[in-house]
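Read-outs: derived from the displayed coordinates by stated rules, not from any lab. Predicted model, so just to flag it, every value in this text is computed and none were measured. Because the Cβ atoms are built from the backbone with ideal geometry, glycine has one as well, and the counts that use them run over all protein chains shown.
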Amino acid sequence: MANQAKHAIEVENLTKRYGNLLAVNGISFTVRTGEVFAFLGPNGAGKSTTVEIIDMIRRPTSGKVRLLGMDVTKKKRAIVPRIGVLPQDFSSFDRITVRETLQFYSRLFSRGNADIDGLIELVHLKDKAEEQYKNLSGGLQQRLGIAIALVNDPEVVFLDEPTTGLDPRARREVWDVLLGLKEQGKTIFLTTHYMEEAEILADTVAIISKGKIIATGSPVELIENNSNYLVLTLQSVDANAVEIIRKLGFEPVHDNHQDLKVRVEHTEDILKTLNAIKDAGGSFLSLDVRRPNLEEVFLKLTGEALHAGLAEGGEVG
Amino acid sequence: MKLRVIRANLIVKLKTFYRERTAMFFTLAFPIILILVFGTIFLDRDKLSLDLYVQDLDHTQASAKFVKTLQFNGNFKIIEVDPATDAREYAQKHKLNLILVIPKDFGNLHDQRADNKTHDASVILTYIYDPSSTSVKTKMEYLNMEFAGMNQRMSGRPPFYRWEEVSILDQKYRFIEFFIPGVIAMAVMIASLFGTVNMNTELLQKGIIRKLSTTPITRTDWILSNILYQFALAIISTIAMLLVSYWVFHVELHINAWLLGFILLDVFAFVGIGMILTRFVQEAQSAVAAANAIVFPMMFLSGSFFPIEMMPGFLQTFARVLPLYYVNEGLRASMIFSDNLAALRYAAIIGAFAAVVFALGIIATKWEEGK
Ligand SMILES: Nc1ncnc2c1ncn2[C@@H]1O[C@H](COP(=O)(O)OP(=O)(O)OP(=O)(O)O)[C@@H](O)[C@H]1O
Ligand SMILES: [Mg+2]
């Protein structure tokens, strides 16, 4: 029993197969009650598949999933009233207003005793309460989706990419809402491919790639455990510097066309590199040495870029 | 099954319908327009007033009286043609299909006969007509009938042969009364099939079904509320069609529980087909195309607009395998002929069909697993 209270979600050896594709490949993890847990991974990593198995939209091929202490394949009826779900690419009835939509969903759960006005206020949709869904901007639609996920005052909330496709401002507004939920003590399961989002919101981040979890921990832990190296950035290097660095046994990476990133393990390596470039008559504008951020940790772990902007850099090491 | 859930669903659907003006137009107005157009085309003959061009070369009191008689007894609308013109040329020029020419000595001959001076005095009325006109024959037969009646009256003796009409039906029915039940059956079919196909593909594609599967609404609640919604629409649409038919065409039809029953079976059958379609054809456009492929043969071959007896034998056989045929015939049996036994027979057939299709539709409707 103590275990049930501690873990809102327990996943053991979960797999999901679509024909020949093993979309989720034997993953195991737990989500503590009251924490924000983020699934971080690139497109097609298996995030939605995993979330939707846990929130009972899909069925697992094999493995065990316990949600609120109950087996999701057997206790759907008992679990459903206690969770809230925002599916990926959420959408609603075009001609129905914000208020009516919330009334509809709350009626599905109960006799309509939900605090509709409170929810509308929570997601900052007061001015738009009588607006039809189709007239809302993407960010507002997404906020309505979050409000819908909360109509039954759920203990666990699943949000599949709640900020994808939103502009930075709209994204921040959603973060505010989610931080508010976190304060209320709700357990939140979030998927995202924004590193920043995971860093700001999550207590625990699981990095998923090609159907496998390759690292789990708090954002700080993930960086600590995976940053036994330093990143040296050289700006405006000339062409032959790349060759020189290669000869030293490092694999440099171009960043923004002109900058060069080199991953080194010791401070001596930095001096060695700089000297070698000097000796060969090479030049650079400036340099920067720092520990890696989550973005680079992700790159190192998965060999994949999280999203398009980073893909140009190619692989490290 | 939860009433609260079904009600919530129904409210959303009805609001959407009310706010979606084009959907509303096509569901409600389209069948009404059909009724108005066909009803007007096939309006009863005796309510019809035909135009009649008359050239009176005689211009006496007698000829004027003759024209008046034609106008009242034959219900013609008389248009006079100037005696000075050549009637043939006039007809050609104005594309008239018939001009009745009264000869110069009409009054004279008429008086001779009326005063019994000359027993065999007769007058020749000329039809100047366009044989290529399709309706001129009817007009001429009509005139012939009138003249026969007038001849008989002039003889001053009552006719020997008289007749009366005894219909094998309680009541003679008109084309419009045959037509209305067919349009009701067809309109309900179209609304149910397309309503289901459009809603299912849209909700599936927008992922709303996926979201609904994370709420306590069950597949049964969902399907039942869809049925109820389609039934409500069918009732509204039928009421609108009947109101127009009564107001404009003064139809005489029997409205009773059979009507409700057949509408319900119609809804079940075609919502069922819609559910099966959306399972196998998930692309919205191809689903609509498939629905069209079902609707069109039904519409034209199942006897919605005209009796299937008018079609060649093999098509009649084909019509009898179309489910809509049984709704058409069932509605006519109850609404026109008050034939409960026949209505029951048709209801049994379409009922069995609806039950099977609807059961298959329920099986076909996926709920979990998203797409
Ligand atoms: N219903 C399905 N049928 C077949 N393959 C599927 C299905 N759903 C997902 N997949 C495949 O499974 C893999 C994982 O998909 P999933 O949607 O879980 O990824 P994701 O991490 O959510 O990606 P994204 O960031 O794009 O949402 C992908 O290769 C995808 O093409
Ligand atoms: Mg996804």
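Rg over Rh for region B:237-371 works out to 1.02, both radii taken from alpha-carbon positions and Rh defined as the Kirkwood radius.
In this Cβ point-charge picture (+1 for Lys and Arg, -1 for Asp and Glu), chain B has a dipole of about 1680 debye about its Cα centre.
The average projected area of chain A, computed from the convex hull of its Cα atoms over all directions, is 19.2 nm². The residue among B:Val267, A:Ser137, A:Thr49 whose Cα reaches farthest toward the positive pole of the charge dipole of the protein assembly as shown, with charges on the beta-carbon of Lys, Arg, Asp and Glu, is B:Val267. Here region B:1-91 has an Rg and Dmax of 27.9, 85 Å, counting Cα atoms alone. Evaluated with a Cβ-only charge set (Lys, Arg +1; Asp, Glu -1), chain A carries a dipole of roughly 1460 debye about its Cα centre, given to the nearest 20. Here's how it looks for B:Tyr53: its modeled amide H is under 5 Å from those of B:Ile79, B:Leu100, which are all 5 or more places away or on a different chain. Computing Rg and the Kirkwood Rh from the Cα coordinates of region B:52-191 gives a ratio, Rg/Rh, of 1.13. Counting only other chain Cβ atoms within 10 Å of each residue's Cβ, the peptide A:52-58 averages 4. The Cβ shell under 9 Å around A:Ile53 holds other residues with a net charge of +1, Lys and Arg each +1, Asp and Glu each -1.
Note that region B:212-219 has calculated 3J(HN,Hα) couplings of 4, 6, 9, 10, x, 5, 9, 4 Hz, one per residue in order, obtained from phi through the Karplus relation 6.51 cos²θ - 1.76 cosθ + 1.60 (θ = phi - 60°); glycine and proline are x. Only alpha carbons enter this Debye calculation for the protein assembly as shown, each as an equal point scatterer, and the log10 of I(q)/I(0) it gives at q = 0.06, 0.08 Å⁻¹ is -0.59, -0.80. Let's see if you can work this out: charge +1 on each Lys and Arg Cβ, -1 on each Asp and Glu Cβ, no other charges. What is the dipole magnitude of the protein assembly as shown about its Cα centre, in debye to the nearest 20? Computed about the Cα centre, the dipole is about 1860 debye. The 3J(HN,Hα) values that the Karplus relation (6.51, -1.76, 1.60; θ = phi - 60°) gives for region B:178-193 are, in residue order, 6, 6, 4, x, x, 5, 4, 4, 5, 5, 5, 4, 4, 4, 5, 5 Hz. Gly and Pro appear as x. Compute the signed sum of charges (Lys and Arg +1, Asp and Glu -1) over the other residues within less than 15 Å, Cβ to Cβ, of A:Val31. Result for the neighbourhood of A:Val31: +1.
Return one number: the angle in degrees, 0 to 90 and rounded to the nearest 10, between the long axis of the Cα atoms of helix B:323-335 and the longest principal axis of the Cα atoms of chain B. Here the helix axis deviates by roughly 60 degrees. Take every DSSP beta bridge whose two residues both sit in chain B, then give the antiparallel share in percent to the nearest 5. Bridges in chain B are about 30 percent antiparallel. Modelled spin-label separation between B:Ser155 and B:Glu202, with each label point placed 7 Å from Cα along the Cα-to-Cβ direction: 7.1 nm. Treating each Cα of chain B as an identical point scatterer and ignoring solvent, apply the Debye formula and state log10 I(q)/I(0) at q = 0.06, 0.10, 0.12, 0.15 Å⁻¹. Calculated log10 I(q)/I(0) at the listed q: -0.39, -0.76, -0.93, -1.23. Neighbours of B:Ile184, meaning other residues whose beta-carbon lies under 14 angstrom from its beta-carbon, give a summed charge of -2 when Lys and Arg score +1 and Asp and Glu score -1. Compared with the alpha-carbon gap, the fully stretched path from A:Glu196 to A:Ala239 is longer by 12.2 nm at 0.36 nm per residue. A simple packing score, the average count of other Cβ atoms within 10 Å per residue, orders the peptides B:210-217, A:6-13, B:325-332, A:68-75 as B:325-332, B:210-217, A:6-13, A:68-75, with the highest score first. Per-peptide packing, taken as the mean over residues of other Cβ atoms within 10 Å, places B:117-126, A:167-176, A:32-41, A:214-223 in the sequence A:32-41, A:214-223, A:167-176, B:117-126 from highest down. Our coupling estimate for region A:133-149, obtained by passing each phi through the Karplus curve with A = 6.51, B = -1.76, C = 1.60 and θ = phi - 60°, is 3, 5, 8, 8, 6, x, x, 5, 4, 5, 5, 4, x, 5, 4, 4, 5 Hz, Gly and Pro reported as x.
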